[in-house]
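Colleague: Dumping the structure here so I can ask a few things about it.
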Amino acid sequence: MNTNKAEINLMLNATYIVKDGVMTVVEAPPKGFGKQTITWQDGKPSHYELNYTNKI
């Protein structure tokens, strides 16, 4: 059995995607207000969409 390990900073507010053993940090909305939508295909994450709102 192959065991891969990754170390993450639990003090960092973030969303992570793990696909085929590779971890990617999903970008946060630049202004702090927004949402991340992750799309799955064949049981794996295929892409993500980042939307944000500017507050005035």
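Colleague: Across the stretch 14-41, what is the number of residues that are at pLDDT below 90 and on the phi < 0 side of the Ramachandran plot?
Modeller: Number satisfying all stated conditions: 6.
Colleague: What is the one condition in (1) exposed (fewer than 10 other Cβ atoms within 10 Å of the Cβ); (2) modelled with pLDDT of 90 or more that HIS47 does not satisfy?
Modeller: (1)
Residues checked against (1) within 24 Å of THR3 (Cβ to Cβ); (2) over 14 Å from the mean Cα position of the chain (by Cα); (3) assigned to a strand (DSSP E or B):
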| position | (1), (2), (3) |
| --- | --- |
| ASN13 | no, no, no |
| TYR16 | yes, no, yes |
| ALA28 | no, no, no |
| GLN36 | no, no, yes |
| THR39 | no, no, yes |
| SER46 | no, no, yes |
| LEU50 | no, no, yes |
| LYS55 | no, yes, no |
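Colleague: What are the residue pairs meeting all of these: first residue in the stretch 23-38, first residue without any contact (Cβ under 8 Å) to a residue 12 or more places away in the chain, second residue assigned to a strand (DSSP E or B) and not aromatic (Phe, Trp, Tyr), Cβ atoms under 9 Å, and 6 or more apart or on different chains?
Modeller: Sorted first by the residue in the stretch 23-38, then by its partner, the pairs are THR24/ILE17; THR24/VAL18; THR24/PRO45; VAL25/THR15; VAL25/ILE17.
The values are calculated or read from the model by the stated rules, or taken from the named source; none is laboratory data. The model shown is predicted, which means the values in this text are computed figures rather than measured ones. Glycine gets a Cβ as well: all are built from the backbone with ideal geometry, and neighbour counts include every protein chain shown.
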